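Down below is the structure, laid out as structure tokens.
The values are calculated or read from the model by the stated rules, or taken from the named source; none is laboratory data. Everything numeric here is computed off the predicted structure, so don't read it as measured data. FYI the Cβ positions are ideal-geometry reconstructions off the backbone, even for glycines, and counts take in every protein chain you see. When the accessible area is computed, the model is the full protein with side chains, heavy atoms only, and any ligands, DNA or RNA have been set aside. Shrake-Rupley method; radii C 1.70, N 1.55, O 1.52, S 1.80 Å.
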Amino acid sequence: MVTQPPPSLADVPHRIGLGLAALGRPGYINLGRERDLPPGRDVAAMRRRTHEVLDFAYAHGVRYFDAARSYGRAEEFLAEWLDAGGDRPEVMVGSKWGYTYTADWRVDAETHEVKDHSVGVYDRQLAETRGLFGDRLDLYQVHSVTPDSPALTDPVLHRRLVALADQGVAVGISTSGPRQGDAIRAALDVGVDGRPVFGSVQSTWNVLEPSAGPALAEAHEAGRTVIIKEGLANGRLAERDPRLDAVLAPVAEATGASYDALALAAALRQPWVDVVLSGAATEDQLASNLRATDVRLDDAQLGRLVTELAQTPAAYWDHRSRMPWN
């Protein structure tokens, strides 16, 4: 019996959410982290920084916050912030399971996270997430689903996920890799007794890698919530780069927008998008990201950004795989 309907991100007042991938751990693949993070990056310093950015986000209308078991202590930091803040109306909390954080708070770790979409990992990580958030968990997603993931084919796992949805927690997937479209379409077909299992999709989409767009449009048409991650391509679309300036600079000048706001505005303009995540690590970055909602891109400008900057999925994901943790 469904105790309450799963929440919907369509109810979130601000279309930009905050992802905690860059805040919950000392090492990540975003560019510029040596400038962005507090000296030493110890747990206490990163906790303070996370809480400062969360405070700023909430004060400026952000209501969806996205973590994961593999984001170091992101869930812990977010839960502490929620505990300390009293009543914060409209906040929605999402997290993800399927990767285990293994870096032990080291930037130079050989392996930062290990992927496993088995039922056993789901059971363990759901208990860990519930232990931090209790009944404040609104959305739980399978982390980085690819077409070969057992999360798309394991009926035992599917029944576990439906049971979670019956407790009022929305269930979804996130996707990664050059075949995101295939993973999204496969997820749309997953059901238990005629009932769809996955109600949301979180995927990488940006003007360098827009290939998931058609599948995300299908997901939206099928009633799924669509969340966009990596809208700045792990910082590549926020930094000056002669290879991108020829396209970005004229549009930025015409719109009066910074590169980051321009890139996020391009994602927000997609008609099938519900929420676009900022991955900001500082208040200034988040303030700049939030200006994306005020950018007015016309069809020609949007078309130029996507047409002239898009890479092949293979090239984009190969580049991403070679970005260093820093």
antiparallel share of DSSP beta bridges within the chain, to nearest 5, in %, is 20
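So for region 51-142, considering every pair of alpha-carbon atoms, how many percent are separated by more than 20 Å?
Of all Cα-Cα pairs in region 51-142, 38 percent lie more than 20 Å apart.
If you take the beta carbon distance between residue 108 and residue 44 as r and set R0 to 22 Å, what does 1/(1 + (r/R0)^6) give as a FRET efficiency, to the nearest 0.05?
Computed FRET efficiency for residue 108 and residue 44: 0.60.
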What are the DSSP H helices in the chain that stretch 18 Å or more along their long axis, judged by alpha-carbon atoms, and whose average Kyte-Doolittle hydropathy comes to at least 0.0? 242-255
Quote the relative contact order of region 1-156 in percent (integer), defining contacts as alpha-carbon pairs under 8 Å separated by 6+ residues. 24
Toy charge model, Lys and Arg Cβ at +1, Asp and Glu Cβ at -1: the chain dipole around Cα centroid in debye, rounded to 20, equals 200
Long-range alpha-carbon pairs in region 187-326, meaning those over 20 Å apart, account in percent for 48
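Of the accessible area of the chain, with the probe set at 1.4 angstrom, what percent is carbon plus sulfur?
After summing per-atom areas, the C and S share lands at 51 percent.
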Simple spin-label model, 7 Å along Cα-to-Cβ: residue 84 to residue 246 in nm? 4.9
How do the peptides 231-237, 114-120, 155-161 rank, highest first, by the average count of neighbouring beta carbon atoms within 10 Å per residue? 231-237, 155-161, 114-120
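Need one word for the chain: rounded, prolate or oblate. Basis is the Cα gyration tensor (sqrt eigenvalues a ≥ b ≥ c); a/c below 1.5 gives rounded, then a/b vs b/c decides.
Since a/c stays below 1.5, the shape of the chain is classed as rounded.
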Using the heavy atoms of the protein chains and a 1.4 angstrom probe, tell me the accessible area per residue for region 60-211 in square angstrom. 37
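What relative contact order, as a whole-number percentage, does the chain give when Cα pairs under 8 Å and 6 or more residues apart are counted?
Rounded, it is 21 percent for the chain.
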Can you list residues whose amide H is under 5 Å from residue 144's amide H, if they're 5+ apart or on another chain and H is modeled 1.01 Å from N? 174, 175
